[in-house]
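The values are calculated or read from the model by the stated rules, or taken from the named source; none is laboratory data. Bear in mind the structure is a predicted one, so any value in this text is a computation, not a measurement. Glycine also receives a Cβ, built like all others from the backbone with ideal geometry; neighbour counts cover every protein chain displayed. To get the accessible areas, we keep the full protein, side chains included, count just its heavy atoms, and leave off ligands, DNA and RNA. Shrake-Rupley method; radii C 1.70, N 1.55, O 1.52, S 1.80 Å.
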Amino acid sequence: GKVVWSRQWVHHDVWDYDINAAPTLMDITVDGEQIPALIQATKMGFLFVVNRETGEDVWPIVERPVPGGDGSVEGEIYSPTQPFPTHPPPLQPDRITPQNAWGFTPFDRSDCRDRIKGLRSEGIFTPPSLEGSIQYPGSAGGANWGGVAIDPVRDRLYVNQNRMPMVVRLIPRDDFVDLDPSAVVYPDELYPAEGTPYAVQRGSLLSSFGAPCIAPPWGTLTAVDLRSGTVLWEVPLGTTRDQAPFPLWLSFGAPNLGGPIVTESGLVI
């Protein structure tokens, strides 16, 4: 009944980066040694791989500096570092800048560029702010409930992920009281942060055309070699069909939650 070991994958979580998928157990062979591994998929687009008997890293997991507060959010504290896996490497792009804003046309690309310029965007773990911060990956991931699928014949892992940035803005409680909740347009969410002097407005980072402000794919399926900890391939997962008018049915990937399975023959579903 005693705790044998424990690991914390997010320090002082202010991003809704809870570990929402169950860990996966598999014996893997690394440098000729068989290791009883535990593999944890996360919303951050990280795969943490540790020895399930000892909790020790299979490949190094390092603490790296992350963005802190700008002093505008009274009373909040921030962890100066977060754990990052080295193998497999992070499976999401690092950050969003005005230079990599995307759009179907020059008009919505310019709209996205202006939106990004007005938001705090310092890469993953940028904390919420009063002016609004880009959270990428968003609170739906990265990986979500479905977790990963394991092919023990080929020592491969398959994981589906979202690539959908969000905007998180803190609103002083006095201003929140005067807001009309019906004025918040879907897909934005608005709710009080109970016990704090703020409320939270959160929603996807979309252009005026309703498309994400980053280049596709917006959903991916990735294969990882568990012998070396390297990415074998990545493909878009999902299309814009039923989300955009014809003929804009494109293989751009789409937000997704359910996990994959893999058969003995190597077929991934």
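Numbers below:
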item: Any hit, region 192-209, residues being crowded, with 21+ Cβ neighbours inside 10 Å, out of contact with any Ser or Thr (no Cβ under 8 Å at 6 or more places or on another chain) and polar (S, T, N, Q); result: yes
item: Residue list for region 217-269, filter: open to solvent by less than 30 Å² (accessible area, probe 1.4 Å), within 27 Å of Ile61 (Cα to Cα) and of a type in the set (Ser, Thr, Tyr); result: Thr220, Thr222
item: Checking Gly141 against (1) on the phi > 0 side of the Ramachandran plot; (2) open to solvent by 10 Å² or more (accessible area, probe 1.4 Å), the condition it does not meet; result: (2)
item: Residues of region 211-248 satisfying the condition of being part of a strand (DSSP E or B), of a type outside the set (Gly, Ala, Ser), touching a Leu at 6+ places or on another chain (Cβ under 8 Å) and farther than 19 Å from Ala140 by Cβ; result: Val224, Asp225, Val231, Val235
item: Options Glu122, Glu56, Glu74, Glu131: the member that is within 30 Å of Val4 (Cβ to Cβ), open to solvent by 50 Å² or more (accessible area, probe 1.4 Å) and acidic (Asp, Glu); result: Glu56
item: Residue match in region 156-164 (condition: of a type in the set (Phe, Trp, Tyr), surrounded by fewer than 23 Cβ atoms within 10 Å (Cβ to Cβ), out of contact with any strand residue (DSSP E or B) (no Cβ under 8 Å at 6 or more places or on another chain) and under 24 Å from Val231 (Cβ atoms)); result: no
item: Total residues in region 77-93, condition open to solvent by 80 Å² or more (accessible area, probe 1.4 Å) and aliphatic (A, V, I, L, M); result: 1
item: Check on Gln34, part of a strand (DSSP E or B) and open to solvent by less than 20 Å² (accessible area, probe 1.4 Å); result: no
item: Members of region 97-124 that are in contact with a Phe, Trp or Tyr (Cβ under 7 Å, 6 or more places away or on another chain) and within 26 Å of Ala193 (Cα to Cα); result: Ile124
item: Verdict on Ile96 being open to solvent by 50 Å² or more (accessible area, probe 1.4 Å), hydrophobic (A, V, I, L, M, F, W, C), in contact (Cβ under 8 Å) with a residue 24 or more places away in the chain and not in a strand (DSSP E or B); result: no
